[in-house]
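Data block below; observations after.
The values are calculated or read from the model by the stated rules, or taken from the named source; none is laboratory data. This is a predicted model, so every value here is computed, not measured. Please note: Cβ atoms are built from the backbone with ideal geometry, for glycine as well, and neighbour counts cover all protein chains shown.
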């Protein structure tokens with residue numbers, strides 16, 4: 001009992017110096033060292049100041065025969081990087097209680113800055129004996145002795161390397177209860193395993209202009225440039241950003257500047273405004289023409305910041321207009337868009353502010369090219385209408401265009417598209433002058449005009465088609481009446497003036513100059529008139545043709561009589577009205593067997609579809625009798641089943657059922673049934 005009290009006093013006073021002042025004697029055990037202490041995880045990387053993380057000090061390979069009753073250790077750390085904020089006992093030793101009620105252990109902890117060890121956490125744990133001072137339950141196995149919570153208090157700033165320190169597990173001691181219960185022994189142990197701590201460096205935020213280069217193509221063009229911030233770390237504690245964008249005012253005019261969405265994503269108050277945005281478009285004596293931007297992140301109602309920006313995003317968007325452009329005889333003009341006077345302000349400690357180090361700003365490059373225009377066809381024929389077009393950007397001011405076609409004709413217009421027919425063959429220098437206010441720019445193209453015999457193109461599409469139909473269009477191309485294979489052939493389908501399908505890849509060769517174009521009409525096709533445009537080229541000759549057809553929602557206008565299905569193959573029905581045929585997908589038109597009808601002494605199937613009512617022979621839809629009950633007969637087919645009364649298909653006493661091939665048996669059964677029924681009547 002004296003030994004236990006002495007150990008308790010030693011632990012409480014010095015945590016582990018079991019010296020001669022104790023009533024018991026500390027002996028060095030001779031057993032092989034198997035037990036060992038280690039820190040888990042073996043390494044940890046912090047990414048934020050204020051970030052907390054846990055490490056555990058664990059024991060492993062402890063044997064019962066080692067009779068552990070005391071464990072002690074220190075974890076030494078760098079207090080310029082870390083702060084120990086909590087130490088808690090682990091569950092391991094408390095599992096091996098020697099008393100009926102807690103406490104099962106005595107846990108002592110000190111967070112100190114020792115003259116010898118420096119900043120460290122000192123831990124001692126005593127397994128409590130039973131009420132008689134004896135031990136009957138000794139720990140064994142693996143487990144956690146203590147958990148230490150650290151807080152990151154510093155991170156270096158790039159380009160410095162990550163900060164690192166050793167979580168040094170040292171001054172370890174394991175004490176065992178001697179066999180005679182009067183002495184204690186030091187348990188041999190394996191070399192303690194420490195851990196490594198890293199603090200990730202704070203990246204330098206960088207301001208950039210995006211896109212990094214922009215090319216303007218026309219006077220009056222409006223375009224946007226974003227000023228972005230990249231690699232912003234929350235530990236930079238950004239609360240204010242300022243910058244200027246300098247530009248060449250002879251080429252550009254700054255129209256407007258608007259705040260980006262980035263800083264507004266990090267509100268510190270419950271209600272807007274989350275930021276304060278300032279802009280100035282000015283011509284400064286020092287900076288020249290520039291756009292000056294300032295953005296302040298607003299604090300909370302108490303003047304505090306709790307939500308600091310991080311990541312990448314747009315601080316502001318500046319809208320420019322092109323006000324000058326070179327002519328085609330001049331090279332493109334370039335100008336730098338310079339980010340200058342950049343300042344990022346940090347909330348250092350909640351009261352003071354400081355400047356945030358930043359990477360070198362990334363400027364932008366602006367370029368304006370001479371105007372251009374296109375014309376079609378590329379080799380026009382004398383007298384042929386040629387289309388000239390200026391490619392306009394999506395956003396631009398209203399411009400005036402002067403066209404000099406080189407044949408004595410000059411035209412002024414505000415439209416970017418114009419047509420012209422050259423009177424004779426030859427080469428013409430076509431000059432376009434783009435005008436905006438006092439600014440002008442010109443483009444010149446040489447157009448070669450020849451005389452070409454038109455290529456013959458004939459397209460046939462039929463007059464009426466239906467949703468779900470597989471239509472077939474035909475094309476014939478000729479040169480002086482002789483069929484030829486063109487060097488280029490295109491087919492495009494239009495509806496209500498809009499291109500809905502390019503059928504060029506579906507063109508199939510039938511013979512020289514003769515082509516077919518199968519086209520499946522979608523089930524959701526809109527009813528109305530459609531136009532097929534076919535264009536062909538044969539070396540220097542061009543030709544085109546259009547053909548129109550109507551898509552009708554039903555078969556009503558195709559034939560006043562009931563149309564009949566004459567054949568079915570792979571789900572495609574051939575439908576005839578006695579004059580012409582069409583092919584419809586049965587699934588697409590929702591074909592369903594709905595009844596039987598008598599037509600010209602034949603029993604036919606009545607088919608309901610989304611385009612109208614059809615009829616067909618029973619053998620076409622593989623009709624079979626499934627059941628006859630009294631005067632009711634059930635007929636199954638590939639289009640479904642129906643049940644009908646026998647008298648529903650009677651016409652006269654001489655009426656017989658049409659039967660062929662697989663329906664001969666059906667006809668015989670129905671004929672007998674009809675005769676029996678008539679005799680009863």
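Annotations
- In region 348-382, the residues that are without any contact (Cβ under 8 Å) to a residue 60 or more places away in the chain, in a loop (DSSP other than H, G, I, E, B) and under 30 Å from residue 299 (Cβ atoms): 349, 350, 351, 352
- Taken across region 206-217, residues that are more than 28 Å from the chain's Cα centre (by Cα), modelled with pLDDT under 95, outside the structural domain of residue 389 (by TED's automatic domain parsing) and assigned to a loop (DSSP other than H, G, I, E, B) do occur, with at least one present.
- Test: residue in region 511-522 that is more than 21 Å from residue 463 (Cα to Cα), modelled with pLDDT of 80 or more and surrounded by fewer than 15 Cβ atoms within 10 Å (Cβ to Cβ): yes
- Any hit, region 353-364, residues being within 23 Å of residue 250 (Cβ to Cβ), assigned by TED's automatic domain parsing to the domain that holds residue 302 and either more than 40 Å from the chain's Cα centre (by Cα) or buried (at least 16 other Cβ atoms within 10 Å of the Cβ) (or both): yes
- Subset of region 234-264 (residues that are outside any strand (DSSP E or B) and either farther than 11 Å from residue 315 by Cα or free of Cβ contacts under 8 Å to residues at least 12 places away in the same chain (or both)): 234, 235, 236, 237, 247, 248, 249, 250, 251, 264
- Being within 23 Å of residue 179 (Cβ to Cβ), assigned by TED's automatic domain parsing to the domain that holds residue 189 and at pLDDT 95 or above is a property that residue 70 has.
- Residue 525 out of contact with any helix residue (DSSP H, G or I) (no Cβ under 7 Å at 6 or more places or on another chain), under 22 Å from residue 584 (Cα atoms), without any contact (Cβ under 8 Å) to a residue 24 or more places away in the chain and surrounded by 14 or more Cβ atoms within 10 Å (Cβ to Cβ): no
- Tally of residues being without any contact (Cβ under 8 Å) to a residue 40 or more places away in the chain and within 16 Å of residue 518 (Cα to Cα) across region 476-492: 1
- Some residue of region 276-299 being surrounded by fewer than 18 Cβ atoms within 10 Å (Cβ to Cβ), in contact with a helix residue (DSSP H, G or I) (Cβ under 9 Å, 6 or more places away or on another chain) and part of a loop (DSSP other than H, G, I, E, B): no
- Residue match in region 264-274 (condition: at negative phi and in contact with a helix residue (DSSP H, G or I) (Cβ under 7 Å, 6 or more places away or on another chain)): yes
- Residue 119 being at pLDDT below 95 and in the same structural domain as residue 35 (by TED's automatic domain parsing): no
- Meets criteria (free of Cβ contacts under 8 Å to residues at least 24 places away in the same chain and touching a strand residue (DSSP E or B) at 6+ places or on another chain (Cβ under 6 Å)) for residue 83: no
- For the criterion of being buried (at least 20 other Cβ atoms within 10 Å of the Cβ), under 28 Å from residue 401 (Cβ atoms) and modelled with pLDDT of 95 or more, residue 430 passes.
- Apart from one condition, residue 643 fits all of (1) in a loop (DSSP other than H, G, I, E, B); (2) at pLDDT 70 or above; (3) loosely packed, with under 14 Cβ neighbours inside 10 Å; the exception is (1).
- Qualifying residue in region 199-221 (condition: touching a strand residue (DSSP E or B) at 6+ places or on another chain (Cβ under 7 Å), under 30 Å from residue 170 (Cα atoms) and surrounded by fewer than 20 Cβ atoms within 10 Å (Cβ to Cβ)): yes
- Among the candidates 390, 345, the residue that is assigned by TED's automatic domain parsing to the domain that holds residue 302 and in contact (Cβ under 8 Å) with a residue 12 or more places away in the chain is uniquely 345.
- Residues that are surrounded by fewer than 18 Cβ atoms within 10 Å (Cβ to Cβ), in the same structural domain as residue 251 (by TED's automatic domain parsing) and assigned to a strand (DSSP E or B) do not occur anywhere in region 320-332.
- Of the residues making up region 300-316, those that are part of a strand (DSSP E or B) and buried (at least 16 other Cβ atoms within 10 Å of the Cβ) are 313, 314, 315, 316.
- Segments classed as strands (runs of 3 or more DSSP E), wholly inside region 61-176, with at least 3 members that are surrounded by fewer than 20 Cβ atoms within 10 Å (Cβ to Cβ): 82-89, 105-114, 141-152
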